[in-house]
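A.B. asks: Dropping the structure in here first, questions after.
The values are calculated or read from the model by the stated rules, or taken from the named source; none is laboratory data. This one's a predicted model, so the numbers in the text were calculated from it and none came from an experiment. As a convention, Cβ positions derive from the backbone with ideal geometry for all residues, glycine included, and neighbour counts pool all protein chains shown.
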Amino acid sequence: MSLNNKVKQLIDRALAQRPDLFLIEFNISEQNDIKIVIDGDNGATIDDIVFMSRQIEHNLDRDEEDFSLTVSSFDITKSFRLKRQFQKNLNRTLKVKTENGEKEGQLILIDNDKIVLEKKIREPKKTGKGKITVIKQDEIPFEQIKEAKVVLKF
């Protein structure tokens, strides 16, 4: 069995033990550098990374395969790759790039086909002077999303 298949089976076995975790990225270079990126429904802690690392490293024989292993958590500054990542970021502010431009707002709904972002904007009153706060919602089908990131606020 190839190293790729062995590692994939070990990842699958570990994720079966921890259904709150999910795989974002997995690859093995020609030099047997194994890189695994995980995320979790509540984020991925250092304990989660150690768990995944041990599940892989303790079940591979270094006498058979010379390898290096890197397990990391998903970088919040990168674009989402899975629908499951939207669910864990419900009620957070996202910036979403689509074929029609960018939209930003609070993620208030996720279903099988789309997400809904909500934002408050100030618009001029229809009559008289001044502005009023209006809540706008943007429905974005998943197939139109090119990139989606959490907006970090300090």
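A.B. asks: Considering only residues of the stretch 52-75 that are assigned to a loop (DSSP other than H, G, I, E, B) and over 12 Å from Leu3 (Cα atoms), which is farthest from the chain's Cα centre (by Cα)? I'd like the intermediate steps shown before the answer.
C.D. replies: Restricting attention to the stretch 52-75, the residues satisfying the condition of being assigned to a loop (DSSP other than H, G, I, E, B) are 58-67, 74-75.
Filter once more, keeping what is over 12 Å from Leu3 (Cα atoms): 58, 63, 74-75.
Details: His58: 27, Asp63: 35, Phe74: 6, Asp75: 8 Å.
Step by step, filter the stretch 52-75, then rank; the result is Asp63.
A.B. asks: Looking at Ile132, Ile145 in this structure, which one is among the β-branched types (Val, Ile, Thr), modelled with pLDDT of 95 or more and either touching a Phe, Trp or Tyr at 6+ places or on another chain (Cβ under 7 Å) or not assigned by TED's automatic domain parsing to the domain that holds Glu25 (or both)? If you could, list the steps in order and put the result at the bottom.
C.D. replies: Values: Ile132 fails: modelled with pLDDT of 95 or more.
Testing whether each residue is among the β-branched types (Val, Ile, Thr), modelled with pLDDT of 95 or more and either touching a Phe, Trp or Tyr at 6+ places or on another chain (Cβ under 7 Å) or not assigned by TED's automatic domain parsing to the domain that holds Glu25 (or both) leaves just Ile145.
A.B. asks: Right, another one. Identify all residues within the stretch 12-62 that are within 17 Å of Phe80 (Cβ to Cβ), in contact (Cβ under 8 Å) with a residue 40 or more places away in the chain and hydrophobic (A, V, I, L, M, F, W, C); write none if there are none.
C.D. replies: Of everything in the stretch 12-62, those that are within 17 Å of Phe80 (Cβ to Cβ), in contact (Cβ under 8 Å) with a residue 40 or more places away in the chain and hydrophobic (A, V, I, L, M, F, W, C) turn out to be Phe22, Ile24.
One line per residue, one yes/no per condition, for (1) buried (at least 16 other Cβ atoms within 10 Å of the Cβ); (2) under 30 Å from Pro141 (Cα atoms); (3) touching a His at 6+ places or on another chain (Cβ under 8 Å):
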{"position": "Gly40", "(1), (2), (3)": "yes, yes, no"}
{"position": "Arg54", "(1), (2), (3)": "no, no, no"}
{"position": "Phe74", "(1), (2), (3)": "yes, yes, no"}
{"position": "Ser79", "(1), (2), (3)": "no, yes, no"}
{"position": "Val96", "(1), (2), (3)": "yes, yes, no"}
{"position": "Glu102", "(1), (2), (3)": "no, yes, no"}
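A.B. asks: Can you tell me which residue within the stretch 31-51, out of those that are among the aliphatic types (A, V, I, L, M) and assigned to a helix (DSSP H, G or I), is farthest from Ile11 (Cα to Cα)? Break it down into steps so the answer makes sense when it comes.
C.D. replies: Kept after step one, since they are among the aliphatic types (A, V, I, L, M), are these residues of the stretch 31-51: 34, 36-38, 44, 46, 49-50.
Remaining after also requiring assigned to a helix (DSSP H, G or I): 46, 49-50.
Numbers: Ile46: 17, Ile49: 12, Val50: 13 Å.
By that ranking, first place goes to Ile46.
A.B. asks: With respect to the numbered conditions (1) exposed (fewer than 14 other Cβ atoms within 10 Å of the Cβ); (2) not assigned by TED's automatic domain parsing to the domain that holds Phe26, which one is the sole condition not fulfilled by Asp66?
C.D. replies: All conditions pass for Asp66, except number (2).
A.B. asks: May I ask you to list the residues in the stretch 82-104 that are more than 27 Å from Ile38 (Cα to Cα) and outside any strand (DSSP E or B)?
C.D. replies: Within the stretch 82-104, Glu99, Asn100 meet the criteria.
A.B. asks: Ok, one more. Go through the stretch 120-154 and count every residue that is surrounded by 15 or more Cβ atoms within 10 Å (Cβ to Cβ) and either of a type in the set (Val, Ile, Thr) or in contact with a Gly (Cβ under 9 Å, 6 or more places away or on another chain) (or both).
C.D. replies: If we filter the stretch 120-154 for residues that are surrounded by 15 or more Cβ atoms within 10 Å (Cβ to Cβ), which is where we start, we get 138, 140, 145, 148-150.
Next, from what is left, pick out any that are either of a type in the set (Val, Ile, Thr) or in contact with a Gly (Cβ under 9 Å, 6 or more places away or on another chain) (or both): 138, 140, 145, 150.
So the count comes out to 4.
A.B. asks: Is it true that some residue in the stretch 32-47 is hydroxyl-bearing (Ser, Thr, Tyr) and touching a strand residue (DSSP E or B) at 6+ places or on another chain (Cβ under 6 Å)?
C.D. replies: Taking the stretch 32-47 as the starting set, the residues that turn out to be hydroxyl-bearing (Ser, Thr, Tyr) are 45.
After this cut, where a residue has to be touching a strand residue (DSSP E or B) at 6+ places or on another chain (Cβ under 6 Å) as well, the list is none.
Scanning the stretch 32-47 turns up no residue that is hydroxyl-bearing (Ser, Thr, Tyr) and touching a strand residue (DSSP E or B) at 6+ places or on another chain (Cβ under 6 Å).
A.B. asks: Return the residues of the stretch 105-154 that are of a type in the set (A, V, I, L, M, F, W, C), in contact (Cβ under 8 Å) with a residue 60 or more places away in the chain and either part of a loop (DSSP other than H, G, I, E, B) or on the phi > 0 side of the Ramachandran plot (or both); say none if nothing qualifies.
C.D. replies: Leu152
A.B. asks: I would also like to ask the following. For Glu65, state whether it is farther than 27 Å from Asp111 by Cα and without any contact (Cβ under 8 Å) to a residue 24 or more places away in the chain.
C.D. replies: Details: farther than 27 Å from Asp111 by Cα: yes; without any contact (Cβ under 8 Å) to a residue 24 or more places away in the chain: no.
No.
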